[in-house]
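First comes the structure, then the notes that go with it.
The values are calculated or read from the model by the stated rules, or taken from the named source; none is laboratory data. Computed from a predicted structure; not experimentally measured. Don't worry about glycine lacking a Cβ; one is built from the backbone with ideal geometry, like all the others, and counts go over all protein chains shown. To get the accessible areas, we keep the full protein, side chains included, count just its heavy atoms, and leave off ligands, DNA and RNA. Shrake-Rupley method; radii C 1.70, N 1.55, O 1.52, S 1.80 Å.
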Amino acid sequence: MHSESETFYTSLPVFDDFLDITDPGRFSPVPDDWHVVVTDVQGSTAAIRSGKYKDVNLAGASSIISILNIDRTLSVPFIFGGDGATLCIPDSWVAPARARLLGTVRMTREALDLSLRAGVIPVSVVRSHGHDLRVARNRVSAGFVQAVFTGGGAQFAEEIIKQPAGAEYLLAPESGEPVYDFSGLECRWNDVPSIHGEIVCLIVLATGTDRETITRTYRSLILKLRSVCGEDHQSRPIHPSSLRMTFFGVNPRREEAIHGSGAGVLRRLAYAFSMRWGILSGKVLMRFKQPITETDWRSYKSTLAANTDFRKFSDIFRQVLSGTPGQREELAAYCEAEFNRGMLVYGMHASPTALLTCLIFSYSNSHMHLVDGGNGGYALAAAQFKERLKRIKSF
């Protein structure tokens, strides 16, 4: 039986139109007795430029699934940032979350050769620094409801763990007994080519000085994206016809390494066999469009495409979309004009493919898919974003 505080997020109403992120009345304050979990790959930009962009993605995704596995009967809000993640959790989850974060930090170091920073910050501390943390639920598809954040608290938490002032909230790598639980994390698809030519990662921060101006900026941006790139079903980065599972590729080997962390040889071999049997049977079932008792494999690829986190909001707007070079140029011209007007800061990165990392609770419809641009999409867009942010702060 869950407490009222634990079910806070699942009890919130759901809105369908993403434009409603501009309505403050849609958001509710995260309880003071909750905590913010933040993970971040250190040196992610350099790692991505050296070719480790998929490893960076997997580190962030692993931290999400590890926390969600604490109790799959309870939903908590989270957002995937490409090179890390932010989650809000009830107080009862803090102890198991710390153990799982330790396991994720060690796995990231041993299996992916990356350094993952992880911190847990009380929501009350976020508010004591003058920031609020409010959350709402946006329906992405029939099977996927996504969290959106406002109030500045999520951004504050993400930044403070990178600063000396946030050292007390960081987990020391050797501070306890790690738990390795990445059940449901899968990495079995080839990089997904855009059906329109490009996959574009866009990051935008409205820089107005009042709520009305900021709201107007985000609303105008969303409407501009719809005007230039079409409705969601036209610009989603993943199209069913482009999905191809891989049997012997690098991605399954990464999945095998992640699930083998902290496990003995026999368990690693058992997972490797089970994973490849799953890939083989999935390819056959999807190829011949065979339904089984729990899953209709005839529509699995379409459901997967619909259940991607292609767009998100945590005071900063992020979207991965499929479009043409001409559409990207039109969007860039719009964003540059608004940047020069002092209305927003943006970063944009284009690549021919998207990356998928899958969080599977069941193959029927309880699965969500984290999407990023190929060659380091979000992280490289963020680097461009930070350069523009420096420019306006230097004025």
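Placing a pseudo-label 7 Å from each Cα along the Cα-to-Cβ vector at residue 190 and residue 110 gives an inter-label distance of 3.3 nm. A simple count of charges around residue 59, restricted to other residues whose Cβ falls under 14 Å of its Cβ and scoring Lys, Arg +1 and Asp, Glu -1, yields 0. Only helices enter the 222 nm calculation for the chain: every DSSP H run of n ≥ 4 contributes -39,500 (n - 2.57), and dividing by all residues gives -12000 deg cm²/dmol, rounded to 500.
Surface composition of the chain: carbon and sulfur make up 53 percent of the accessible area, probe 1.4 Å. Rounded to the nearest 20, the Cβ-based charge dipole of the chain about its Cα centre (Lys and Arg +1, Asp and Glu -1) stands at 1060 debye. Write out the trypsin sites (Lys or Arg not before Pro) in the range 305-395 meeting two conditions: DSSP loop, and at most 15 other Cβ atoms within 10 Å of their Cβ. Passing sites in the range 305-395 are 341. Extension gain for residue 270-residue 139 works out to 43.5 nm (0.36 nm per residue, less the C-alpha to C-alpha distance). Were the residues from residue 75 through residue 168 laid out at 0.36 nm apart, the gain over their Cα-Cα distance would be 30.7 nm. Rounded to whole numbers, the Karplus 3J(HN,Hα) couplings from phi for the range 30-40 are 5, x, 4, 8, 8, 9, 9, 9, 10, 10, 7 Hz, using 6.51 cos²θ - 1.76 cosθ + 1.60 with θ = phi - 60°, and x at Gly and Pro. Extension gain, residue 283-residue 32: 0.36 nm per intervening residue step, less the Cα-Cα distance, totals 85.7 nm. Of all beta bridges DSSP finds with both residues in the range 268-395, what is the antiparallel percent, to the nearest 5? Antiparallel: roughly 90 percent of the beta bridges in the range 268-395. Based on alpha carbons, the Rg and Dmax found for the range 151-256 are 20.5, 53 Å. Between residue 42 and residue 17, the modelled label-to-label distance comes to 4.6 nm, taking each label 7 Å out from Cα in the direction of the beta carbon. Taking amide H positions as modeled 1.01 Å from N, with prolines and chain starts lacking one, the residues under 5 Å from residue 140 and 5 or more places away or on another chain are 145, 146. Based on protein heavy atoms only, the chain ends up with 41 Å² per residue of surface accessible to a 1.4 Å probe. Taking the chain as a Gaussian network of alpha-carbon nodes connected by springs under 10 Å, the highest mean-square fluctuation of the residues 122, 29, 77 belongs to 29. If exposed means no more than 15 neighbouring beta carbons inside 10 Å and the site is in a DSSP loop, what's the longest run of the chain without any exposed GluC sites (Glu not before Pro)? Segment 5-173 is the longest.
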